[in-house]
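What follows draws every value from the coordinates through simple rules; no lab data is involved. These figures come from a predicted structure and were not determined experimentally. As a convention, Cβ positions derive from the backbone with ideal geometry for all residues, glycine included, and neighbour counts pool all protein chains shown.
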Amino acid sequence: MAFVELSRITKSFTLGSDEVEILHGINLTVEKGEFVAMMGPSGSGKSTTMNILGCLDKPTSGTYLLNGQNINDLEGDDLAVIRNGTIGFVFQGFNLLQKTNAMENVELPLLYAGMPKKERRERAKEALIQMGLEDRLYHEPTQLSGGQQQRVAIARGIVNRAPIIMADEPTGNLDSKTSDEIMKLFKKINEEDGITILLVTHEPEVAAYAKRIVHFKDGMITSDEMNLAVKIS
Amino acid sequence: MISMTEIFRTAIRALKRNKTRSMLTALGIIIGVASVIAAFAVGAGANKSIDEQIASFGSNFIIVFPDRSAMSTTGTTRYLTHSDALAIEREVSGIEAVAPMIDTSDSVVYGNTNWSTSITGSTASFSIVREWEIESGRDINESDVRQGTKVAVIGKTIVNKMFPGENPIGKSIRIKKVPFTIIGVFASKGQSSMGDDQDDFILVPLTSAQRRLVRYNMPGRIGNIFIKGVSMSALSYIQSETEILLRERHKIKPGEADDFAVRNISQMLEARRKTTTIMSMLLGSIAVISLVVGGIGIMNIMLVSVTERTREIGIRMAVGAKSLDIRFQFLIEAVVLSMVGGTLGIVLGVFAGYALASFTSAPPIFTVTSIMLAFVFSALVGIGFGYYPAWKASLLNPIDALKYE
């Protein structure tokens, strides 16, 4: 069984009295350990698909199986458990808690998992060191550069040993040099730790790190192929 | 669910981030709790002081005294006499005892000791009307009064000051160079609510006081008359009957003013007690209203805080916070605010209570119950007014919350 399986997913929004369908039957299967880039112009439905994949939003119709579990059957708090234990998120705007240091930000998923304090601190520290932030453990977001903030966010994504990281335009706010650094980190955790990575981007240079590229247009997948020219470094 | 300690830690951290706002919000509760504490303490203090006054006067108590303002206009008796007192006792019904009184003060000498104290001349009714108990020896009796014997019953303070380690009974003291033999000692009543030492006095037979101590020109003249009624309800009747009787005896014509006054002390005190109770209820309810207003302040700020921190809520939900986690986070913030406010309010309330009570001369009374109650009430205000904002926060949809700018 595939790790991620979307079949005939549709999503509609109500705009005034009109129903607008923005996803028209998405089918997507991702195996464990893959590194998939989802590309497309804005409004193509890639972010909406990502939100459904991340259990942040629910599809209007279709089925979503994650790790063998039917997500359609789950409600509020059960989805929170999935987001907590199975998925790590990385956002374009970093989405770190302000006036809260890197350690505390990274500890957050563990806090909601109910892990004791001592273990939380060890795991958070370990994740931040893995992201090369050993000398920034107690810095607050405002004291960190964009790249450093995004590395804190990735550390938060991996700290609970989630098998899948979902990143929505993770390099959107970063310059190209920092983008490269961040993408190398994704590549590294994909290759060394076997973490599945789903990435939304509209930049080909970023997508070039992925092993597989899925193109979206007008709420449909237009192409889904292996990236034969994976960027090495 | 995350642990309570973590929720509290998160709440305190969030409140510290906005120190000024948190303090201002807590201020509403501080003032509310302080006024509740102060109002009830001052009310309880005032009530207690009135109770003490009632106890020190004795119950069902009426006092008759000469009205000095009328003295110059009437050419009549002007003074109360022993026979006035006897007439009242004889002719007015509903009376338990009547004590004619002469009050003076003088220094008392025993050996080398000299003590200035107040001296009361009265009859055996004195201890009934004023509710004094004899601790040792005996009280003055009718034959003492009839014969004008030179005996005295002394208060506990006199014993302590003049007879330390000695049995005063049978000893002779001198008042105005007249020797009086001590025949008894009153049991202590302690300090009055006004801070006077009630035990600092000497009782002598009325006739002895008249002849030996005050030496009025007019025979039979006394100071006041104390009356004890059989019940509270009899007092009004006794008061009006006494007035009629004394007008007759003093030959006051209709239309002329009384040369005496009858005061129903017990009823006056009872009325004061009612006023005090109403006042403290009024103060208390205003205080409770201000506490509720403080609670609304908390709700207001928490609602603002939930809106401002929508994105934070989104982040927390994205990394796995359940709706109950979010609800508890905001609820506990409100509770911490109100409990900090409650604690500071208790401290402020104690100060305010003493400050207020300095105007009323009755010390405030703080009970553990009232303080606990104020604290619990402030926590309840936090829960009550924090629940709606917290519930609102917990209903947010993670994707909408994350997109919130």
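Which whole-number percent is the relative contact order of chain B (Cα, under 8 Å, 6+ apart)?
Reported relative contact order: 31 percent.
Would you kindly state how much longer the chain becomes between B:Leu245 and B:Asp258 on full extension, computed as 0.36 nm times their sequence separation minus their alpha carbon distance, in nm to one decimal?
3.5 nm
From the Cα gyration tensor of segment A:171-233, with a ≥ b ≥ c the square roots of its eigenvalues, which class applies: rounded if a/c is under 1.5, or else prolate if a/b is larger than b/c, or else oblate? Could you put the intermediate results ahead of the total?
Numbers: a/c = 1.90, a/b = 1.32, b/c = 1.43.
It is oblate, given that a/c is not under 1.5 and a/b is not larger than b/c.
Can you put A:Tyr138, A:Tyr112, B:Tyr354 in order of Cβ neighbours within 10 angstrom, beginning with the fewest? Please report the intermediate quantities before stating the final value.
Details: A:Tyr138 10, A:Tyr112 24, B:Tyr354 16.
Final ranking by Cβ density, sparse to dense: A:Tyr138, B:Tyr354, A:Tyr112.
What are the ³J(HN,Hα) values, in whole Hz, obtained from phi via the Karplus relation 6.51 cos²θ - 1.76 cosθ + 1.60 with θ = phi - 60°, for each residue of segment A:64-79 in sequence order, with x given for Gly and Pro?
After applying 6.51 cos²θ - 1.76 cosθ + 1.60, I find 10, 10, 10, 6, x, 9, 7, 5, 4, 6, 9, 10, x, 5, 5, 5 Hz.
If you average the sequence gap of Cα pairs under 8 Å that are 6 or more apart and divide by the length of segment A:87-161, what percent do you get for the contact order?
Details: 100 pairs, mean separation 38.4, N = 75.
The normalised contact order for segment A:87-161 reaches 51 percent.
Once a ≥ b ≥ c are taken as the square roots of the eigenvalues of the Cα gyration tensor of chain B, is the result rounded (a/c under 1.5), prolate (a/b larger than b/c) or oblate (a/b not larger than b/c)?
On the way: a/c = 4.63, a/b = 2.81, b/c = 1.65.
The shape class here is prolate.
Taking the Cα of B:Thr113, stepping 7 Å toward and past its beta carbon, and measuring to each backbone N in segment B:133-159: which are under 19 Å?
Only B:135-138, B:151-159 pass the distance filter.
Please state the equivalent ellipsoid semi-axes for segment B:1-151: what are the square roots of 5 times the Cα gyration tensor eigenvalues, largest first, in whole Å? Please list the in-between numbers first.
Working: eigenvalues 768, 96, 62 Å².
Calculated on Cα positions only, the semi-axes equal 62, 22, 18 Å.
If one computes the Cα centroid of segment A:189-233 and of segment B:237-292, what distance in Å separates the two points?
About 95 Å separates the Cα centre of segment A:189-233 from the one of segment B:237-292.
So how do B:Arg316, A:Arg136 line up by other beta-carbon neighbours within 10 Å, fewest first? Mind showing how you got there, number by number?
Working: B:Arg316 26, A:Arg136 20.
Fewest to most other Cβ atoms nearby, the residues stand as A:Arg136, B:Arg316.
Simple spin-label model, 7 Å along Cα-to-Cβ: B:Val293 to A:Thr10 in nm?
5.8
Determine the gain in length on full extension of the stretch B:Leu27-B:Leu86; use 0.36 nm per residue of separation and subtract their C-alpha separation, reporting nm with one decimal.
Computed gain between B:Leu27 and B:Leu86 is 14.8 nm.
Between their Cα atoms, which of A:Lys217/B:Lys392; A:Lys99/A:Lys217; B:Lys19/B:Lys392 are more than 31 Å away from each other? If you can, show how the numbers build up before the last one.
On the way: A:Lys217/B:Lys392 37 Å; A:Lys99/A:Lys217 39 Å; B:Lys19/B:Lys392 23 Å.
Long pairs (Cα-Cα over 31 Å): A:Lys217/B:Lys392; A:Lys99/A:Lys217.
Give me the distance between the Cα centres of segment A:94-126 and segment A:42-59, rounded to whole Å.
26
Using the 10 angstrom Cβ neighbour count as an exposure proxy, how do B:Val178, A:Val81, B:Val159 rank, fewest first? Write down the numbers at each step before the final one.
Values: B:Val178 13, A:Val81 16, B:Val159 21.
Taking fewest neighbouring Cβ atoms as first place, the list is B:Val178, A:Val81, B:Val159.
Which value results when the Cα radius of gyration for the protein assembly as shown is divided by 2.2 N^0.38 Å?
Working: Rg = 44.4 Å, N = 638, 2.2 N^0.38 = 25.6 Å.
My calculation over the Cα atoms of the protein assembly as shown gives 1.74.
What are the ³J(HN,Hα) couplings of segment B:390-405, residue after residue, when phi is run through the Karplus curve with 6.51, -1.76, 1.60 and θ = phi - 60°? Round to Hz, x for glycine and proline.
Once rounded to whole Hz, the list reads 5, 5, 4, 4, 6, 7, 4, 8, x, 5, 5, 5, 5, 7, 5, 9.
What are the residues whose amide H is under 5 Å from the amide H of A:Ile22, where those residues sit 5 or more places off or on another chain and H is modelled from the backbone?
Long-range HN contacts for A:Ile22: A:Lys11, A:Ser12, A:Phe13.
Quick one: check the C-alpha center-to-center distance for segment B:86-126 versus segment B:331-353, whole angstrom.
Result: 54 Å between the Cα centres.
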